[in-house]
1. Charges at C-beta only: +1 for Lys and Arg, -1 for Asp and Glu. How large is the resulting dipole of segment 117-262 about its Cα centre, in Debye rounded to 20?
2. Helix 333-351 versus the longest principal axis of the chain: what angle, 0 to 90°, nearest 10, using Cα atoms?
3. Using only the Cα atoms of segment 1-135, each taken as one equal point scatterer with no solvent, compute I(q) by the Debye sum, divide by I(0), and report log10 of the ratio at q = 0.16, 0.18, 0.23 Å⁻¹.
4. Rg/Rh for segment 247-343 to two decimals, with Rh computed the Kirkwood way over all alpha-carbon pairs.
5. With the cut-off at 1.5 for a/c, could you classify segment 302-347 from its C-alpha gyration tensor as rounded, prolate or oblate?
6. Give me Trp49, Trp273 ranked fewest to most by other Cβ atoms within 10 Å of their Cβ, as a rough exposure proxy.
7. Can you give the direction-averaged projected area of the convex hull of the alpha-carbon atoms in segment 241-299, in nm²?
8. To two decimal places, what compactness ratio does segment 106-146 give when its Cα radius of gyration is scaled by 2.2 N^0.38 Å?
Amino acid sequence: MNNTREVEVVVVGAGQAGLAGAYHLRRTGFEPERDFVVLDHSPGPGGAWQFRWPSLTYGKVHGMHALPGMELTDADPERASSEVIAEYFASYERTFDLRVRRPVEVHAVREGVGGRLLVETSDGDWSTRALINATGTWDRPFWPRYPGQESFRGRQLHTAQYPGPEAFAGQRVVVVGGGASGTQHLLEIAPYAAATTWVTRRAPVFRAGPFTEDVGRAAVALVEERVRQGLPPKSVVSVTGLPLNDAIRRGIEDGVLDRRPMFDRITPEGVEWNDGRLVRADVILWATGFRAAIDHLRPLRLREPGGGIRVEGTRAVADPRVHLLGYGPSASTIGANRAGRAAVRDIRRLLAGRPGEPVAA
Ligand SMILES: Cc1cc2nc3c(=O)[nH]c(=O)nc-3n(C[C@H](O)[C@H](O)[C@H](O)COP(=O)(O)OP(=O)(O)OC[C@H]3O[C@@H](n4cnc5c(N)ncnc54)[C@H](O)[C@@H]3O)c2cc1C
């Protein structure tokens, strides 16, 4: 018996990018459940935001852009962004009747029959003419490997498991990573911890001056160029540098953000450098970022020898049926919004059999 259901578009992921895509599908006449489905493996609305630590209040997120077509108004900056954004996404899904199916795990996307793609999920298979992949990065925390790592007697955790600063009270904490998460963790943990040490592979670059549109645009262009070449995307922060805001300035003055180069090995008691320096630690917190959660696309063989997927706009160069949203240059809330519109425009051309031809927006 073949239970494969047919649609025009499958959207995988109901974070900012997937919802933006679903909104534009709806707006241009696609009916949910008849023409497209949105599948997400998380328990509730909110994309990755639902998992972010409670101390990441709405007031601390920098530049969360609203989803297309509905503002996020009157949010209390003191409330956890995980709650604020989960509620906002839930209301968005209801307002636009997006009917997200969850929890549904997408295991694999492979070549189907008749030029269609086959999407294999925990809730049966879907056959589709186009795919909007918007699976973000949260499910693929990146843990670098260092000698001796398994021998460490303390606790190791990643940003993805960060529980908030109180959990580190009285402990000696080594934070690894020079991005926004690493610095935020340090600034939060320092008042509670017995000691903190900050290590990064490359010396952090601080950016003084406002984050103007030009700075943002230049950063996005750099990431875009990498993706065009089929290289793994970098985060936008890695190319903009860290904003030298008041909190960071204070952290530098207080010595909390006193960076040391990367250690050479991990010992049962802590971390050690080749010059004999040793820092004893109870916890190593890896704030070492995330990678694109796209393992389920492996059967399509989209990866280039450089390790990334070549993308033009949002379309995978190797397979025009596949769009990657929230990947590379669109891995920000504003980028995800734009990508949603661009992908749907492109998919409408594909489905109309007119790839490359403009359609009315
Ligand atoms: C700590 C942190 C703070 C940030 N702060 C900001 C900020 O202040 N401003 C800003 O613009 N950006 C910020 N970003 C980046 C921003 O969160 C993202 O760019 C954007 O929200 C990601 O949206 P997304 O839809 O691409 O991914 P996500 O929100 O991760 O959504 C992906 C969805 O896909 C689902 N999924 C994944 N794999 C599968 C699968 N195999 N099957 C089914 N479902 C799957 C997940 O359940 C999830 O719901 C931050 C990122 C981090 C990590």
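1. My answer is approximately 580 debye.
2. So the helix axis and the longest Cα principal axis differ by about 20 degrees.
3. Once normalised to I(0) and log-transformed, intensities are -0.79, -0.95, -1.35.
4. Rounded to two decimals, Rg over Rh is 1.17.
5. oblate
6. Listed from fewest to most nearby Cβ atoms, that is Trp273, Trp49.
7. Mean projected area for segment 241-299: 7.4 nm², to one decimal.
8. Dividing the Cα radius of gyration by 2.2 N^0.38 Å gives 1.56.
All of the numbers you see were taken from the coordinates with simple rules; none came from a lab. Note that the structure is a prediction, hence the values are computed from the model and not measured. Glycine also receives a Cβ, built like all others from the backbone with ideal geometry; neighbour counts cover every protein chain displayed.
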